[in-house]
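K.L.:
Quick one: the structure is below, and I'll ask about it shortly.
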Amino acid sequence: MANGKDTVAENFYNQSTNKHTGILSWLLTVDHKRIGLMYLYAILTFFVVGVIIGLLMRLELIAPGRQLMDAQTYNALFTLHGVIMIFLFIIPGLPAIFGNFFLPIQLGARDVAFPRLNLLSFYVYLAGAFLALLSLFLPGGPIDTGWTFYIPYSVRSTTNVSLAIFAAFVLGFSSILTGINFVTTVHRLRAPGMTFFKMPLFIWATYATAWIQIIATPVIGITILLVMVERAFGVGIFDPALGGDPILFQHMFWIYSHPAVYIMILPAMGVVSEIIPTFVRRTIFGYKAIAISSLAIAFVGYLVWAHHMFTSGMSDTARWIFSLLTFIVALPSGVKVFNWVATMYKGSIDPKPPFLWVMNFIFLFSIGGLTGLVLGSLATDIHLHDTYFVVAHFHYVMFGGTGTIFFAALHYWFPKMFGKMYNDRLARIAVVLFFVGFNLLYFPKFILGYMGMPRRYYDYLPQFEPLQFVSTVGSWILAGTIFFIIGYLIHALLKGKKATSNPWGGVTLEWHIPSPPPLENFKEIPTVTHEPYDFSQLKEMKDE
Amino acid sequence: MENHVKKHPGYSTYIFVWLALLAFTSITVTVAGIDLGNYTMLVALGIAAIKSVLVINIFMHIKYEEKIFKVFLLLSLFTLLSIFILTLFDIIYR
């Protein structure tokens, strides 16, 4: 810092895209990096709220009977926990934060294709979040249907269902706008020489995700509008009492919400494909197979939705067809996992914190994925449907998968985004604590579910108490770790060492530019000549 | 870019398509009053499909656009079709 030159180095923090300075220069910015950061702050805030609600639920479940809230409050809390974590954290999480920040840079572009649309999608997200919050405080009370809004209860509940689901409708628009922006950016703004098969795998994953966002999200939009029409005007669409078909609702809900699972996990898989080569100093094994498996997952993801509905009363033919199709998803997912492991083989592994987070991911996600097969097979699902087994499964996939990678991505790109380094030792401790807390919290739920503990129940039989207790203790460790991580990252922001432009020795384009990057990223648009994970460029990069 | 501007249709085409859409809407309304049994949904979907082909091709200019947009559209359409067929496995055999 003694060198005056460093302090005046231009970066996107001190360069505005508009005439304003201070907070307005952020709120009205069209810079993809600033928008990405605004998403980060908003999404992290909602995540913390979701964590606190989760803690309260676990505290209530520490012993049978009433502990600190009544059953109605508990119903509202698990609904809110689901709505916040799904719609406000995990769906927008990776694409809106890291996609926004790094997709244009990795492509060698100055910004996304539609910068203003990008800002709009951020405000649409905030508007959706505001509506969701508003629904808590208006007369009628917070929604208590569970995040799946199943009919007929969601038509008959007297809580603020219409407003809460309208919030999900608005959030869907934010998702669609982001998707349109990313697809256009990938097609139109690749740097010279950046062919499709030279794109980093994070871009492939984000690209596949963007397509799901565009094609699947309108389905939930239509479904939500139909539920609102049914609630407001009593038109019999889904409610059997009015002549509707409740299973049709479940179809339409899951036609979106199952592909949405891949909106959540695909970008995470993309991040894994970035981090592994960087920390094993070896090009990714099976680049094309991983790239195409992203598209395959995106497509097959459309064809399996009714595996959520095996006990709903739909036809037997549909049940076995969907069970069969579900098994097909395991193929492209397996392609990825085997290629990641093969990449590490004979690599020069440098176990820095982002890499350790990825190891965490592979372990937790594999448990989540394999228990998914147990639920995907028709016969076992009949026993396990709507039990804690399902709760454990999707927390392993979503939190152990996407949530873990959210932290991996944050630790991997933190130096680039903020120009600061965090404490390596603390970060390693956090990975271990996270692993312990996570498994203590969620693994007992597999056993509880197998024993017959139903999900979403306020009370339970005494024989479930020991495992419920272990799970609650796990929630304290896990939540404590999350606050610990946020704490040392904020400390790094304020007092961390300055980061170099390439602290990890990565070779994708973001590591060729300063940390933090300047406005519009590149002085000159680069010409891409190397394969994305060609580590022979490291030497050239040092000479630059 | 220039030649796709050239190929845009004139007002007469737009008005003709609009009239056609109105005609199809009135057919839908009329058919709704007739009991076609199992074919009700098929007829309604068929008319809706023809209408959307007109809107997408003429009003949304897809007919005059680059090939890549047609590929995107066909992929989306294929996905939608798969979803319809899979849903029918439940509805028909329930």
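No value in this document is a laboratory result; all are computed from the given coordinates. Just so we're clear, the structure is a prediction, and the values are computed from it rather than from any experiment. FYI the Cβ positions are ideal-geometry reconstructions off the backbone, even for glycines, and counts take in every protein chain you see.
K.L.:
Compute the helix-to-body angle for A:465-495: its Cα long axis versus the longest principal axis of chain A, expressed 0 to 90° and rounded to tens.
P.N.:
30 degrees
K.L.:
Looking only at other chains, what is the average number of their beta-carbon atoms within 10 angstrom of each beta-carbon in B:82-89?
P.N.:
Mean partner shielding for this stretch: 6.
K.L.:
Label segment A:1-85 by shape, choosing from rounded, prolate and oblate, from the square roots a ≥ b ≥ c of the eigenvalues of the Cα gyration tensor; if a/c is under 1.5 it is rounded, and otherwise prolate applies when a/b is larger than b/c, oblate when it is not.
P.N.:
Here segment A:1-85 falls in the prolate category.
K.L.:
Toward the positive end of the charge dipole of chain A, about the Cα centre and with charges on Cβ (Lys, Arg +1; Asp, Glu -1), which of A:G452, A:T17, A:N502 goes farthest?
P.N.:
A:N502
K.L.:
What are the semi-axes of the equivalent ellipsoid for segment B:2-93, taken as the square roots of 5 times the Cα gyration tensor eigenvalues, largest first, in whole Å?
P.N.:
Working through the eigenvalues yields semi-axes of 30, 21, 5 Å.
K.L.:
Non-local amide H neighbours of A:K420 (under 5 Å, H modeled in plane, Pro and chain starts lacking H): which ones?
P.N.:
A:A499
K.L.:
Right, next: Give me a comma-separated list of calculated 3J(HN,Hα) values for segment B:86-94, in order, Karplus coefficients 6.51, -1.76, 1.60 applied at θ = phi - 60°, integers in Hz, x for any Gly or Pro.
P.N.:
Taking θ as phi minus 60°, the curve returns 5, 5, 5, 4, 7, 4, 6, 9, 5 Hz for segment B:86-94.
K.L.:
List the residues whose amide H sits under 5 Å from the amide H of A:T387, counting only those 5 or more places along or on another chain, with H placed 1.01 Å from N in the peptide plane.
P.N.:
A:R455
K.L.:
Ranked from highest to lowest mean number of other Cβ atoms within 10 Å per residue, what is the order of the peptides A:115-127, A:461-473, B:40-52?
P.N.:
A:115-127, A:461-473, B:40-52
K.L.:
How big is segment A:404-496 by Rg and Dmax over its Cα atoms, in Å?
P.N.:
My reading of the Cα-based Rg and Dmax gives 17.1, 52 Å.
K.L.:
Give me the Kirkwood hydrodynamic radius of segment A:311-356, using the inverse of the mean 1/r over all pairs of distinct Cα atoms, in Å to one decimal.
P.N.:
When all Cα pairs of segment A:311-356 are included, the Kirkwood radius is 13.8 Å.
K.L.:
Do me a favour and compute the ellipsoid semi-axes for segment A:423-470 from its Cα gyration tensor, root of five times each eigenvalue, largest one first, whole Å.
P.N.:
30, 9, 9
K.L.:
Once both axes come from the Cα atoms, what is the angle between helix A:161-188 and the longest principal axis of chain A, in degrees from 0 to 90, rounded to 10?
P.N.:
With rounding to tens, the tilt is 30 degrees.
K.L.:
Convert each backbone phi in segment A:42-58 into a coupling constant with the Karplus relation 6.51 cos²θ - 1.76 cosθ + 1.60 (shift: θ = phi - 60°), then list the ³J(HN,Hα) values in order as whole Hz, x for Gly and Pro.
P.N.:
My calculation for segment A:42-58 gives 5, 5, 5, 4, 5, 4, 4, 4, x, 5, 5, 4, x, 4, 4, 4, 5 Hz in order.
K.L.:
Roughly speaking, what is the centre-to-centre gap between segment A:364-439 and segment B:27-52 when only Cα atoms are used, to the nearest Å?
P.N.:
Rounded to whole Å, the Cα centres lie 48 Å apart.
K.L.:
So if R0 is 51 Å, what FRET efficiency would B:I62 and A:L494 give, r being the distance between their Cβ atoms, rounded to the nearest 0.05?
P.N.:
0.45
K.L.:
So what is the relative contact order of chain A, in percent, for Cα pairs below 8 Å that sit 6 or more residues apart?
P.N.:
For chain A, the relative contact order is 17 percent.
K.L.:
Let me know the Kirkwood hydrodynamic radius for segment A:80-212, please, with Cα pairs as the basis and the value in Å to one decimal.
P.N.:
Kirkwood radius, segment A:80-212: 16.0 Å.
K.L.:
Still on this structure, please answer the following. In percent, what relative contact order does segment A:277-360 have, based on Cα pairs under 8 Å that are 6 or more apart in sequence?
P.N.:
52 percent
K.L.:
Now a separate question. Taking only C-alpha pairs under 8 Å that are 6+ residues apart, what is the relative contact order of segment B:2-93 in percent?
P.N.:
33 percent
K.L.:
Quick check of the Kirkwood formula: for chain A, what is the inverse mean of 1/r over all pairs of different Cα atoms, in Å?
P.N.:
It works out to 24.0 Å.
K.L.:
Would you list, by chain and number, the lysines whose Cα falls below 24 Å from the Cα of A:K539, excluding same-chain residues fewer than 8 positions away?
P.N.:
A:K198, A:K346, A:K352, A:K416, A:K420, A:K498, A:K523
K.L.:
Report the per residue volume, in Å³, of the convex hull enclosing the C-alpha atoms of segment A:454-544.
P.N.:
Spread over its residues, the Cα hull of segment A:454-544 gives 226 Å³ apiece.
K.L.:
For segment A:171-212 and segment A:277-301, write down the distance between their C-alpha centroids in whole Å.
P.N.:
Cα centroid of segment A:171-212 versus Cα centroid of segment A:277-301: 15 Å apart.
K.L.:
In bins 10 Å wide, starting from 0, what share of all Cα pairs of segment A:56-120 does each bin hold, as a percent?
P.N.:
Going out from 0 Å in 10 Å bins, segment A:56-120 shows 18, 30, 19, 15, 14, 4 percent.
K.L.:
Here's something else I'd like to know. Give the total of Lys-Lys pairs in segment B:2-93 with Cα-Cα distances below 16 Å; include a pair only if its members are 8 or more places apart or on different chains.
P.N.:
So the count works out to 4.
K.L.:
Mind checking the angle between helix B:39-54 and chain B's longest principal axis? C-alpha axes, 0 to 90 degrees, to the nearest 10.
P.N.:
It works out to around 10 degrees.
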